[in-house]
Amino acid sequence: MSDTSLQAPGAGTIPGKVTASRKGTRTRRRFRPNGSALVMGLYLLFLMLPIYWLVNMSLKTNAEILGAFSLWPRELTFANYTKILTDASWYMGYVNSLIYVVMNTVISLAVALPAAYAFSRYSFMGDKHLFFWLLTNRMAPPAVFALPFFQLYSSVGLFDTHIAVALAHTLFNVPLAVWILEGFMRGVPREIDETAYIDGYSFGRFFVRIFMPLVASGIGVTAFFCFMFSWVELLLSRTLTSVDAKPIAATMTRTVSASGLDWGVLAAAGVLTIVPGALVIYFVRNYIAKGFALGRV
């Protein structure tokens, strides 16, 4: 029998080439596209297309927007952004929106935190019915309350103020905040409360220094949803304001010149409107992930 018949398979090949060949095979397998990646890519493309087109329009002139179809600006211009950032009738809309959105978020959290704690720790007559009644306020469309709010605020002198819109939005944000926070607080053991009271903590000190850090993720998630609802809501903010507290959403819907709509400026305003929401999502993204993991969001 010859020596070649006793050699193991692959003994006549060079080890380095075998290793390189196997690495190449693994690389090809690793980067081979599958159906899930293709579907996800198409889905992301579908989501990003309107945003891209909005940015594309904001960098064009009105003549180019209303003219021939183009996938990118042929005459790049930043005049639309310059007009928004230099015209008080435009940039004050963002200032007004941020003022009442922040006010609403703070008020909603201040009211919802003790209410959610009471629902999560105590049982009292009608607690389930009261909790459901809070959620029914969130289920009603804002159009139902637009006329009563307008009549009430006009009577007491709160019409066209930031606090008017902030208080109107709490009608929808407080029930949502209580519902989210109650789920997070129910997951905190009651023994922590009892231990803190034994150690001599008052309720206020315990709630602020011990309990609130334990539900920080829930507070972050709640603040995100309160901010986003108040930021994108249009009907109440448009009905309850006219000049001094007019938000950017109302400014965009009321802007019509003699020559028609200024499409480039409206597109630039839309791009700048997305920025605050994107920043909020970036800073609370970890809290949102925890909220989904706990099944309360």
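What the table shows:
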quantity	calculated
Selected residue (criterion: modelled with the lowest pLDDT) from residues of the stretch 111-153 that are among the aromatic types (Phe, Trp, Tyr) and surrounded by 15 or more Cβ atoms within 10 Å (Cβ to Cβ)	131
Verdict on residue 108 being in contact (Cβ under 8 Å) with a residue 12 or more places away in the chain, surrounded by 13 or more Cβ atoms within 10 Å (Cβ to Cβ) and among the hydroxyl-bearing types (Ser, Thr, Tyr)	yes
Selection count, the stretch 202-225, where residues are polar (S, T, N, Q) and under 17 Å from residue 103 (Cα atoms)	1
Residue within the stretch 158-180 that is on the phi > 0 side of the Ramachandran plot, modelled with pLDDT of 90 or more and not basic (Lys, Arg) present	yes
Tabulated pairs, the stretch 121-141, first in contact (Cβ under 8 Å) with a residue 60 or more places away in the chain, second assigned to a helix (DSSP H, G or I), C-beta under 8 angstrom, 6+ apart or interchain	121/185; 121/190; 121/193
Residues that are surrounded by 17 or more Cβ atoms within 10 Å (Cβ to Cβ) and either in a loop (DSSP other than H, G, I, E, B) or modelled with pLDDT under 90 (or both), drawn from the stretch 202-217	215, 217
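The values are calculated or read from the model by the stated rules, or taken from the named source; none is laboratory data. As the structure is a computational prediction, the values presented were derived from the model and not from experiment. Virtual Cβ from ideal backbone geometry, glycine too; neighbours counted across all protein chains shown.
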